[in-house]
Structures are given as C-alpha cells and as structure tokens.
Amino acid sequence: MEVARNRRPQEADALHQEEAARELRLCTSCGRSIDIDANLCQYCGRDFRLMHPQVQARPDTEENVIIYLMSVLVPLLGIIAGLYLISRQNESDRQTGKVCLAIGVVVLIVEVLVVLGLALLSAG
Ligand SMILES: [Zn+2]
C-alpha cells in the first residue's frame, strides 16, 4: 500500500512540465511562464481563449511602424531600441527588435556610404 502511494501523480506532472519546458510563454496578465498551449494561466487564471490574436496584433503593428520609421530616420536610435527589444523576454518584442536593428544597421551603412561618396565628390 505504501509503495503504491509513493508514485504520486504530481511527480509525473512535474516530469512532463520539465520536458515541455522549452515550449513556454509568458502570461500577459501576471508575467509568469506558462504552457504555450494553455488556455488558462495556472497562476492567475487568465483565460487566453477570450483573446483574439488579430485584436491584439493591431496596436502592436501600429507601434512597430513607428519604431521602424524611427529606425529609418534615426538609425542609431533604431539600433539602440533594437538591442533593447531583443534583450526582452517577449517573443514579438524580440522579433520587432531584430527588424529594428536590421533597419538601423542598413540605413546607417547607406548613410555613411552616401556621406563618404559626397565627401569624395566634393574633394575630387
Ligand atoms: Zn497569469
């Protein structure tokens, strides 16, 4: 009887959670790591089935456009913002950061080339 009680279902659950540890996301309500497929946050009880991705994506996209535009106009600021976003835990933030950083680097290189080209032209 005692042997059977030693194998508690909780232990099996803990093992499963460790196996699935790679597929985690952060709860938008309490910020803790939860299963990527979870419909409910196990910590604060937030129901993710009510959240439609399209509704959530709209303000994100508008925000991204401003950040991308800023990267084009002020590439150095874009690179800094990109590095900051990449260091964050949120996957969509990191994705935005990568694009932001890429735009900043490319625009900066183009601007340096243009300035160098103009300098060479005026010197020659
Ligand atoms: Zn939560």
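Quick rundown of the values:
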{"read-out": "5 angstrom amide H check on Leu40, placed H, neighbours 5+ away", "value": "Phe48"}
{"read-out": "Nitroxide proxy distance, nm - points 7 Å out along Cα→Cβ at Val74 and Ile86", "value": "2.0"}
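Here, each number is a calculation from the coordinates, and none is a lab measurement. Quantities reported herein were computed from a predicted structural model and do not represent experimental measurements. Heads up, the Cβs are rebuilt from the backbone with ideal geometry, glycines too, and the neighbour counts pull from every protein chain shown.
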